[in-house]
1. Top to bottom by accessible area (1.4 Å), largest first, where do 241, 198 land?
2. If you take the square roots of the eigenvalues of the alpha-carbon gyration tensor of the range 248-315 and sort them as a ≥ b ≥ c, do you get rounded (a/c under 1.5), prolate (a/b over b/c) or oblate?
3. Given H placed on each backbone N at 1.01 Å, which residues far from residue 300 in sequence or on other chains put an amide H within less than 5 Å of it?
4. Taking the Cβ-Cβ separation of residue 125 and residue 351 as r and a Förster radius of 22 Å, what is the calculated FRET efficiency to the nearest 0.05?
5. Show me the three semi-axes of the equivalent ellipsoid for the range 270-351, from the C-alpha gyration tensor (sqrt of 5 times each eigenvalue), largest first, rounded to whole Å.
6. Ratio of alpha-carbon Rg to the 2.2 N^0.38 Å globular estimate for the range 316-401, to two decimals, please.
7. Considering the zone a paramagnetic label at residue 115 would reach in this model (a point 7 Å from Cα along the Cα-to-Cβ line), which residues of the range 293-334 have amide N under 12 Å from it?
8. Give the ranking of 292, 372 by solvent-accessible surface, highest area first, calculated with a 1.4 Å probe.
Amino acid sequence: MSEFESRRLSELTGPLQNAESGPDGSVQSRRVFLARTSVLTLAIPGVGAALAACTPTGSKPADTTHRGAADTGRGRTPGTHNSDSRLDSTVLEAEHRPGTSATGAATAAGPNVAYHRYAPELPPLPTGATGATGTTGTTQRIHFHAREAPVRISDDTVVAAWTFEGDVPGPIVHTRVGDTVEFTLTNDGDIPHSMDFHAAQIDPKEAFRSVVKGQSLTFTFKPRFAGAFMYHCGTAPVLMHIGSGMFGAICVSPREPLAPARDYVLVQNELYLADTANGTRASDYQKMLKMMPDIVCFNGRPNQYVKDPIRVKVGDRVRFWVVSAGPSHPCNFHVVGEQFDTVYLGAPPASAIRGVQTFTVAPGGGMIFELMCDIPGEFPFVNHGFGHGQKGAIGLLVVEP
Ligand SMILES: [Cu+2]
């Protein structure tokens, strides 16, 4: 970043951080909040470019022969503008509390939403089936709907979430190096959303651009490297969209299978909560900026694997695919009473290190941790940054005889 850009960014972040409260503590002008947010996103390299690509002049014809090419035509009304950050003002102009995720669909019927445990098991690689969400040969077709919906994260808390497929995190995607992922996003939400796969090497201006309500976007890519990767909505402000639930894991296996193991996916995220009128909690953008989360958890729910542990047997190898979705904090992954015999710093099977107690997964990153369950017992897996562990980033691995 140049000195000019650096100075520009600091000029912009200052006012934004102070934009939330008026003299009486109420939220200040929605327009002021929005304007500053929009300008900030334009100042961030990549995000600004992505926004520019959302204009008609930024669109390019589809090139479906190129690896990672985006299909700009499917489901898209010709001439329709894609999102820019100004459209995110929907968040601020509706009847709900400004600067939160409390869009209408995200809060409707919130108190009546049922709790469910997020299944942490890595789904098997798709095999040969065909269909809307199946595979054809080595092509896996995936269709996600962006949807604003209430999600119960505990007995007493329902969050007005922005989701992929109605849950937080979104579905676990499992693919393989060199296979093709053909991904379609349809936006059923009120505000623009998008998809950014960290496992893809692709032109983000095309593939990761925002999609407005009722429209779809399709792109394809072939993962080059194995590993645990994050996916997330990249619509501005990205902080708000990740912080409101639009993230998940895409696990890429190497061509040569890894050693047999019990594979589990843990996506750590933070929640920054505000109250709404009907008791549903909403994600609070100003709290996100201050990076002081109310909850830090694995797979969207605090302490869910303490209440309902992950269970394996003595002799099992356990492989954790750990993704740190943030939006802002890392996961310092540790299993109490155990040691990782293998941690892959990069793509497995290369870059393995041995005999590890704790390793930090950066926000927006993912790593694979393996251990052998030689003895029975209850082994807590935690974010060993215990301010986060205390807020819900803890679970139990129960090793049965
Ligand atoms: Cu979004």
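1. Per-residue accessible area, sorted high to low, gives 198, 241.
2. prolate
3. 269
4. Working: r = 22 Å, r/R0 = 1.00.
Efficiency for this residue pair is about 0.50.
5. 32, 18, 9
6. Working it through for the range 316-401, the quotient is 1.06.
7. Within reach of a label on residue 115, which here means backbone N under 12 Å from a point 7 Å along Cα→Cβ, the range 293-334 contributes 301-308.
8. The ranking, largest first, comes out as 292, 372.
The values are calculated or read from the model by the stated rules, or taken from the named source; none is laboratory data. Because the structure is predicted, anything quoted here is derived from the model rather than measured. With ideal geometry, Cβ positions are generated from the backbone for all residues, glycine too; neighbour counts draw on all protein chains shown. The accessibility values were calculated without ligands, DNA or RNA, using every heavy atom of the protein model including side chains. Shrake-Rupley method; radii C 1.70, N 1.55, O 1.52, S 1.80 Å.
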